[in-house]
Structure formats: structure tokens, C-alpha cells
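All remarks here apply to the structure that follows.
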Amino acid sequence: MSSLSPVTGYEIPRNSLAWMLFAQVAVIAPHLVRLPWWIIMVCFACGFWRVMVYQGRWSYPPRWVKVCFVFSGLIGIPLGYSKIYALEPAIALLVIAFVLKLLEMHHKRDAYIVILLAYFVAITEFLFFQSIPYTLYMFATVVMITTALIGLHQTKSHMKPLQTFRTAVVLLAQSIPLMLVLFVLFPRIAPLWSVPLQTGVAKTGVTDVMSPGDISSLAQSDALAFTATFETDPPPYGALYWRGLVLSEFDGKSWSQAPDLRRSIWRQGEAPPEWSNNLSYIGKSYNYSIIMEPNQQSWLFSLAMPVLPANRDYVILRDFRLAAVKPVRQRIRYALRSSLEYRIDPQLTNFYRYRYTRIPAQSNPQSQSLAKKMYREASSPQGYINDVLRMYHFEEFVYTLKPPLLGGESIDEFLLQSRRGFCEHFAGSFVFLMRAAGIPARVVLGYQGGEYNPSGKYVAVRQFDAHAWAEVWLEDKGWVRFDPTSAVAPERVERGLEAAVAGENTFLEGSPLSIFRYRQLLWLTELRLQLGSIAYYWDSWVVGYTPDRQMSLLSKYFDRMNRQRLGSIMLAVFFTVLGLLAVFILRKRSRAVVAPLDAEFLKFCRLMQKRGCARKTGEGPFDYGARLALYTPELATEIDSVVSEYVRLNYSCAGNNSAQPNIKSLRQMVRALKIRALTTRV
């Protein structure tokens, strides 16, 4: 492209433009992984063109070029996203408007719009992440944007970007006390990041369908699933079975939920369903709270068996598992009480007996024959279960993260041929063998175990803790948990996945940089636990600072707290802090403005004002001295000496700004005048 002459008019200060471009790159960078590549190219082209305009090499783009940019951006949104009316396309549209406005900065008001758009784009990152690193990063971008705003009000002679940056940091630092007051006391509303993400966002964690290999793939992730904090010491590691999903339908290869489960729910405040009487708690219970990461699904995780929560947003379904009324699209916190010893459904109706023994008639015939043979040889259902568990334990079954692929008759191939599998292979085949013998059974999905953090006093459960086990119905006992994985690899239940697969070295094999692969380094593990506890408290007290948590916290320090009292306290603290800041700033400014030389002359002026002759606004020293000489002729000599000395000292350093005049002589003259005035009658 040939060089074009620049368009004359308003020219944004170089200092402000530089920080504006830095801020543009900073706020868009986190969105690059979510933007189509052609929108990224539009962003780069607009920024580059704006730099060339400022340097005078190019002019502002003609109308047809702007139309091409707009067309590329708007067409790129439907091409890059499967759904137009969703969150990510809306953010992409905001980013496009932000970068295109750079080419329209003909006036100062255009620069204001660009800066305001930058603030909005920076906030949108909290829709996806609210962790401490992202918060610090976004604070740095806000400092850049504020620096650009300050630079916009400076002249071209200000060529010190670091000085402008320092001013922005000071301004934002001064706002922190007020921000903290508003955060703690201001009535809580739904945060921006509670806006639902589009349904096309990839789901992480346990899903509602289990096929061979699903959980073994999930076990290669170290992403956090949830954290649990207990009021007392947590249960032993082997007792941490986090129940999430119950799968009762089998199509020959995959297990899934029954379609009618959500029709029957048990919710606080409503008449309990008849089947709620089928649950009884036995023994010790645990009180705990869970902070759960978003998974775009409605199931929740709890120790079995949970007591019905007081929060109406959470319900218990017919299979006695916990669920949310709405899908979990943001991090949530819920409090629970669970009993590890319980009895559910001691009697089973014919309908449920049929449901939990149903398998496809022609599915996996060899396994069905094996189950019937073993059941005939067993003395009782409990004896049959023990025989199946002994088969897993004593025969050549291997617990591995790299199971072979299975065909259409997956149960037959696993039990009679490969005998290598992960927890879903053992749980699925175990339930199939139970049903083939006419014993009601079902698959349970969730997590098992978790890492206790002594610094934060919580249990962190990650995706590699995902697990599958079985529940078998026995007469007069109800549903009883059996974990066939423990018969093959007991270390999986007692010490975790890493210990279970230590021999094959496949733990987080796909994530070589994961910090969990280096637990043998004690200092690194200690650092990880400390950072984890900090992140936990951040999620608990900042991200999870809900209206209920706010009222609970303030009620500890203020009796009978309500919204009206909270508003009054907030206004009182707000104006108190604002007043203290104003006094501090004004006092600091007054000290900075008045120089020592001027302070001595002002003492002289106040002395003369007391004698009835105040200095007029804008009146110079010589004119004031001449008027004083006429008003008080008896002090004319002393007045003339003070004025002449002040003028001499004031202008003696006019050529050297760094020099400080010696005001000792002026101070002595003012004192002498004060003494002379005391002895002279007005």
C-alpha cells in the first residue's frame, strides 16, 4: 500500500494512545482461545492501521474499507459459532465493536468510548474465570486502561508513560478501601459471571451415560471437581464415596439413567413423598459444605446418605441422590449432613424389582450363563456376591488406565477375554452378573477419595478421583454398596488412583506438566497445598460471597441484621471513609501548595489583616505594601523591609528551580514587625 497523507484534526496524545493499544491487547488476549481466527485477524488489522495513522504513514481508512472490516466481523460470528444467541458470540461482537472504534477516533469523545469499551471487555473475562491469577491479570489491565484515560488529559509535552502509570496505580489504590466497604456491606446481587454460558460449552466431569473407557479418559484430568469442608475431622479416605448418579438402564454396552427419575422429587417445604419413609439413618453423621465447580448439569455430589437440604434449590430424587433444580452453570456452595450408615428401600416393589434386574435378553450370553451357573452353586445371594468378588480378586483381572477396546458384547469380552479394565468395567460387569442371576443391582457414578489439605482444612476432589461402583438390593437390608474395584485393586480405594496404577506409570500420562505428577517432591507438594488453600478461601469468601453468606457474616457482629439496617450501616461507613479520604487528600494538598517562603509572607498578611487592612484578591506585594504604608505610617519602614525582602528572595532563584532561598532574614523581619506592632497603637 502506498503512503497516504494523514488527516489533520484532533490528535490523541502519544502517551494515551500507547497505553490504549497495550490495554487493547491485554483485554482481548484471554478471549483469543474463544474467538475465530478471522475475528482475531480483524482485531490485529484495526490495531495496526491505527498505529500507522498516528505515525502519519496512512490516513484513516475510507468508507469501503470500514465496510469490509464490519462485514468480516459480523459474518465471522455466525461462521465461528454454532449458536448466535449465546454468550460467546455476544462477547465477540463487543470485541469487534471495540477494535473497530479505534479507526473512528477523530475526536476526544471517540477516545472516551474506546476506553469505556475496554472496561466492559475486561469485565467479560469474569464470565469464564474468577480465580486469583485471572483477577490479578484483569486488575493489571484495568490499570492500563486507567492510565490511557489519564494520558488522554495530558498535553503532548508529557512523554513519561511510567509517570502516568504511577498516577493510575495511586488512584486505584486509593479506591481499594472504599471498594472493600462496598463489597462487604453493599446488598449482594447476582454477579455478572452468573449469566448462563451457552449450552455448547464442553462439559467436564461425570456424565449421565457410562460406556467402557469413559471414566478412564476422565481420570487423565487433574481439574478440580469440588471441595468439601467438614465441621469435624473428615471420614477415613476409604469411606469417601461421593455419590452423584445412579444408572439403571443397560442397552448391551452403555449404562444410563432411568427416564422418569425427575418426576418424583423430595423438596424442603413440600409434603414428603411416600417413598421418603424408605430412608432411615443409622450411626454417626457428618456436617460439611461443598463448593462445586460448574459442570452444566443438574446432579450434585454428596456422601451417602444426605439429609434433605433446607435450601429449596436442591432436591432428593427417588433413587436417594442429590440434585439441583437448575443446571450448575456457576460455582455453587451448599451445606449438607450425611450419615455413612443407612438403610434405603428395605422392601422393593415388583416394578422396581423388574427395573433393576432387566437386561437385554440376547446381550452377552456367555456372561449370563456364567452368572446362572455361579448362582446355582452359591448358598445365598450374599454368598453369590462373595463368589463374584473372589473371582475378581483371585483370577487374572488387572486394574489399568489403558484397557483394550471392547466390541458389541463388551461384558463377555471383558470377563472372559481381556480381563483388563478400569472401575467402569468392574462396576458394569458386576451389576450385569447380579441382574443375570435375578438380583436387583445398579451402577453408581461419582468420585471416591480426595486429597485433604491441612492448611485449608478441606478435601479437594479432582476429576481423576472419578469412580464407579455398584449398589445391590438385599432382602431386609435394602440397597448395599459393593465396590468390585476394591477386590482387584484395594489400593485404589485406600490410597487413590496414583497408588493403584503406580506400576504402569500411567497416572496423568497425558499431562506431563501437571504438578500432581511430582508429589514425591515435598516442597512442591507443600507449595501446591498452600496455593490451593489460598484459592479455596478466595472461592469461599470472595467468589462465593452470596447474600445468605453476607447476612450470616454480618449477623455475627450486628444483632438482628436485616436489609434496612445493612443499608444504614453501609451509608454511614461509606460517608465516613469518604470523609476521611477527603480530609487526608486536602491536608496533603495544602501542605504541598504552600512553599516555606510564601508561608512567611502569609504570616505577614494575616498580621496586617488583624490590624484592619486585609490584602485584596490578586493584589501584588508592592501594591499591598504601599497601601499598608498609608494605613499605618508608623510601621512603614518595617513593612517596606518585609515586602522588599520577600520579593528579592522570591525572584532570586527564578533561573534555578531547584534552588531553595534562605528565608531566615524574612522570618526575622516578620517577627520584628510583630513586636513593633505590639508596641504601636493602631
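The values are calculated or read from the model by the stated rules, or taken from the named source; none is laboratory data. Computed from a predicted model, the values in this text were never measured in an experiment. Note that each Cβ is placed from the backbone with ideal geometry, even for glycine, and that neighbours are counted across all protein chains shown.
Numerical summary
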read-out: Filtered residues of segment 409-427 (kept if under 24 Å from TYR356 (Cα atoms) and in contact with a strand residue (DSSP E or B) (Cβ under 6 Å, 6 or more places away or on another chain)); value: PHE414, CYS423, GLU424, ALA427
read-out: Unmet criterion (only one of (1) crowded, with 18+ Cβ neighbours inside 10 Å; (2) farther than 23 Å from VAL33 by Cα; (3) among the hydroxyl-bearing types (Ser, Thr, Tyr)) for TYR112; value: (1)
read-out: In segment 337-372, the residues that are crowded, with 18+ Cβ neighbours inside 10 Å, hydrophobic (A, V, I, L, M, F, W, C) and over 16 Å from LEU279 (Cα atoms); value: ILE359, LEU370, ALA371
read-out: Strands (runs of 3 or more DSSP E) contained in segment 287-397 and holding at least 1 residues out of contact with any Leu (no Cβ under 7 Å at 6 or more places or on another chain); value: 314-317, 332-344
read-out: Count of residues meeting criterion [within 26 Å of the chain's Cα centre (by Cα), polar (S, T, N, Q), surrounded by 19 or more Cβ atoms within 10 Å (Cβ to Cβ) and closer than 19 Å to ALA466 by Cβ] in segment 212-262; value: 1
read-out: Some residue of segment 327-336 being farther than 12 Å from ALA437 by Cβ, in contact with a Gly (Cβ under 9 Å, 6 or more places away or on another chain) and at pLDDT 90 or above; value: no
read-out: Sole residue being modelled with pLDDT under 85, out of contact with any Leu (no Cβ under 9 Å at 6 or more places or on another chain) and either closer than 30 Å to GLY446 by Cα or among the β-branched types (Val, Ile, Thr) (or both), chosen from VAL181, VAL195; value: VAL181
read-out: Segment 371-416: number of residues that are of a type outside the set (A, V, I, L, M, F, W, C) and in contact with a helix residue (DSSP H, G or I) (Cβ under 7 Å, 6 or more places away or on another chain); value: 11
read-out: Filter pass, ARG528 being in a helix (DSSP H, G or I), in the same structural domain as TYR399 (by TED's automatic domain parsing) and over 20 Å from TYR392 (Cβ atoms); value: no
read-out: From the options LEU401, LEU406, residue that is closer than 19 Å to LEU247 by Cβ, in a loop (DSSP other than H, G, I, E, B) and either out of contact with any strand residue (DSSP E or B) (no Cβ under 8 Å at 6 or more places or on another chain) or in contact (Cβ under 8 Å) with a residue 60 or more places away in the chain (or both); value: LEU406
read-out: Strands (runs of 3 or more DSSP E) wholly inside segment 417-512 containing at least 2 residues that are touching a Ser or Thr at 6+ places or on another chain (Cβ under 6 Å), closer than 28 Å to LEU529 by Cβ and in contact (Cβ under 8 Å) with a residue 12 or more places away in the chain; value: 458-462
read-out: Hey, THR135 hydroxyl-bearing (Ser, Thr, Tyr) and in contact with a helix residue (DSSP H, G or I) (Cβ under 7 Å, 6 or more places away or on another chain) or not; value: no
